[in-house]
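Right, one structure below, let's go through it.
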Amino acid sequence: MTRPAIRLENVGVSFRPFVDSRPTLRRGLKRAQETVVALEDISFDVMPGEAFGVVGHNGAGKTTLLKVMAQTLTPTFGKVVVNGTVSTLLSLGVGFKQQLSGRRNIFLGGLAVGLSRADIDSRFDSIVDYAELWDAIDRPVSSYSSGMFARLAFAISIHLDPEIILLDEVLAVGDASFREKSMASMEQMLEQSGTIVLVSHSMSRVAGFCDRVAWIDHGTVRALGPAKDVVKQYAEAVAAKKGGR
């Protein structure tokens, strides 16, 4: 039996939005009342070779869910099991050293995930070719546009040979030709039994690319199933809410 690439079992995340440095009893009670539940009782599997989408309104808990899957955020309760190496694009440019060049950031990114300098050297030309950044690779990344950030971040990510990629809307800022190239790379990864989790507000992209989708609503799974079915449910709910205003 094939084991899941990612398994979430009754996962919940809660936090307090602020901490008073000199709490009184009254303030302490106030803090307790202001605990925010970001995720509650989330359970599902993502299988190898699957493109899994996550949709929901702003603040629904989508990015928190990706952070839990990436194991950069420990859930308050529940269990997360990840079987495979993970490459994460949760936020554009996060992890880049702004004052350093694109070249230096490629090496730092590779070293951070355990590649040797020789491994990075062997991938370097391919990464820069993919990102189409030869003219800017020795400039500080602080001078890059959002599209250049996207190309470099995705190029590094895909060339690390991950078994699982977590994407949070990063492809939305690339131009049309780069999005097409990125999607082709992800299709190839899926054919090799890689796993992709994609958070996006583009319903057409999610419906067209993903196999299954989870609709996250106020931290819970409101629907989970075939991509087109769940996207349709979500779109109808959004339209109904707008119509009721």
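Taken together, the values in this text are just the output of simple stated rules run on the coordinates, not laboratory data. Please read all numbers here as calculations on a predicted model, not as lab measurements. Cβ coordinates were reconstructed from backbone atoms using ideal geometry, including for glycine residues, and neighbour counts include every protein chain displayed.
Note on the chain: antiparallel DSSP beta bridges, both residues inside, total approximately 55 percent of the bridges counted.
Going by neighbour counts of Cβ atoms within 10 Å, the residues Leu166, Leu100 line up, fewest first, as Leu100, Leu166. Other residues with beta-carbon under 13 Å from the beta-carbon of Gly56 carry, at +1 per Lys or Arg and -1 per Asp or Glu, a net charge of 0. Listed by chain and number, the lysines placed with their C-alpha closer than 28 angstrom to that of Lys228 are Lys62, Lys67, Lys181, Lys241, Lys242; residues fewer than eight positions away on the same chain are left out. Relative to the longest principal axis of the Cα atoms of the chain, the long axis of helix 117-131 lies at roughly 80 degrees. Counting Lys and Arg as +1 and Asp and Glu as -1 over every other residue whose Cβ lies under 14 Å from the Cβ of Gln233, the net charge comes to +2. Seen from every direction in turn and averaged, the convex hull around the alpha carbons of the chain projects onto 16.6 nm².
Scalar couplings 3J(HN,Hα) for segment 199-215, obtained by applying the Karplus form with A = 6.51, B = -1.76, C = 1.60 to θ = phi - 60°, are 9, 7, 8, 8, 5, 5, 5, 5, 5, x, 9, 8, 7, 10, 9, 10, 9 Hz; x denotes Gly and Pro. Under 11 Å from the Cβ of Asp45, count the other residues' Cβ atoms, weight Lys and Arg +1, Asp and Glu -1, and hand me the total. Around Asp45, the charge tally is +1.
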